[in-house]
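Worksheet: the structure to be examined is printed underneath.
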Amino acid sequence: MTDALKPWNTAEKEAWFASQNIQRSYQADVVDRLTALPSDKFNLEPYGALSHDPARYPLYVVKSKPWNDANPTILITGGVHGYEDTGITGALRFLEEDAAQYADKVNFVVYPCISPLGYEINHRWNRKAEDPNRHFFAGGTAEESLQLMSSVESLKVHFRAAVDLHETNQRDVGITAERRARDGQKFETGDDFIPEGFYLVVASTSDVALGHEVIDAVRKVTPIAADAEILGYKSDKGIIVIDDVKTLLQDFARKHADVSMTTEIYPDNTPKKEAEDAQIATIRTVIAYAMKNPAP
Ligand SMILES: [Zn+2]
C-alpha cells in the first residue's frame, strides 16, 4: 500500500461540488443591475449560459452605445473568479457611474461576471472544480472560459487595452490548500503568503509602463503591496510580469489587445467601496491612456 497523493477523480470533484452551498443570488446581485442599465447608453447582450442550469446562469456582455469604430476600445472582465467580489461589483459600478461619460470617445466591452455559479457558491472554481483562469487556451475545458473566448473572438475587435479585475484575499490560503488536494500535490512553501496590498499583473514587459501609471493612481485609493517578490515573480513597485503561464484570461486577451493586465485587490482590511474604487481607478487610468494614445 502506498499513500501517495492522487488527483481527485470525478466522484471526488462531484463530492466537492455537493459540499458547496448557494450563498447569494447572481440574478439579484448582478443580472438585475445589468438590466437596470440605461438602454440608450448600453447594449446588454447574452453570449451563452452555464450548462449546469442555463436559466439560472445566463452570461452577459455589455457594449457601449453608440459604438464608433474610429475610437479606441477597452475590454473589461470581472468575476472570472466568482468569489472575488469587487471584480464584479467594480465593473458594475463602473458601468453605472462612469462609463457613459466616455461615450463618443472610447468604446467598452464589459463582461462583468464570467463565472456566475462561482459567484453564487462564493468560490474560485466552477461546477467541475475547475479554475476558469487556467483554461483560457485552445486546450481549456472550463465552459466559462470557452464561452468567453468564443464571444470575444466573434466581436472581431482589436482592443487598445484589456483589464481583468481580480482580488487576492486571505481566503486564498485555504483555496490553495484545496487546489493542492484536488491536484494530488503537497503543501509548498509560500502557499500561505498573501501580499497585504494591491498588486498588478501584466502579460508582457511592454505593458509595465502603463502598469506604473495604474499603480500611481491606485496608490491614492488603497495601499500597494510592498513585497519584493509576489507569486515567485520579482515585484517592480507592485507590478509583476507573468508571461510564462499562457492559460490566464490576460494571456488570451493580450492576443486581441495592445496591453493586458490583471488587478489584484487586497480586500481583507479594506472597506468594500475602497476596493471597488481601486478597480475603477485602474479602469480610469487605462481609459485616459487610450484617449491620449488612441493607437500604439
Ligand atoms: Zn482571481
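Values in this text are rule-based calculations from the coordinates and carry no lab data. All values derive from a computational prediction rather than experimental measurement. Quick reminder, even Gly has a Cβ in these numbers, built from the backbone with ideal geometry, and neighbours come from all protein chains shown.
Rounded to whole numbers, the Karplus 3J(HN,Hα) couplings from phi for the stretch 233-248 are 10, 5, 8, 9, 6, x, 10, 10, 9, 10, 10, 10, 9, 6, 10, 7 Hz, using 6.51 cos²θ - 1.76 cosθ + 1.60 with θ = phi - 60°, and x at Gly and Pro. Of the DSSP H helices in the chain, not one has a Cα length along its own long axis of 24 Å or more together with a mean Kyte-Doolittle hydropathy reaching 0.5.
Averaging sequence separations of C-alpha pairs under 8 Å and six or more residues apart, then dividing by the length of the chain, give the relative contact order as a whole percent. Before the final figure, lay out each step's value.
Details: 570 pairs, mean separation 61.8, N = 296.
Rounded, it is 21 percent for the chain.
Free of any trypsin sites (Lys or Arg not before Pro) that DSSP assigns to a loop and that have at most 11 other C-beta atoms within 10 Å, the longest stretch within the chain is 1-155. With no solvent and one equal point scatterer placed on each C-alpha of the stretch 204-296, evaluate the Debye formula and give log10 I(q)/I(0) for q = 0.24, 0.25 Å⁻¹, two decimals. After summing over all Cα pairs, the log10 values are -1.40, -1.45.
Pairs over the 30 Å Cα-Cα cut-off, from the set LYS63/LYS246; LYS156/LYS292; LYS128/LYS237; LYS186/LYS246; LYS6/LYS246; LYS255/LYS292: LYS128/LYS237. Available extension along the chain between LYS246 and LEU5 is 84.1 nm, counting 0.36 nm per residue and deducting the alpha carbon span.
Calculate the translational D of the chain in whole µm² s⁻¹ from Stokes-Einstein, where the hydrodynamic radius comes from the Kirkwood formula applied to all Cα pairs, the temperature is 10 °C and the viscosity 1.306 mPa s.
Details: Rh = 19.4 Å.
Translational diffusion coefficient: 82 µm²/s.
For the chain, give the magnitude of the charge dipole about the Cα centre (Cβ charges: +1 Lys/Arg, -1 Asp/Glu; no others), in debye to the nearest 20. Write down the numbers at each step before the final one.
Numbers: 32 positive and 45 negative charges, 110 e Å.
My answer is approximately 520 debye.
Counting only other residues whose beta carbon sits under 10 Å from that of THR86, what net charge do I get with K and R as +1, D and E as -1?
Within the 10 Å Cβ shell, the charges total -3.
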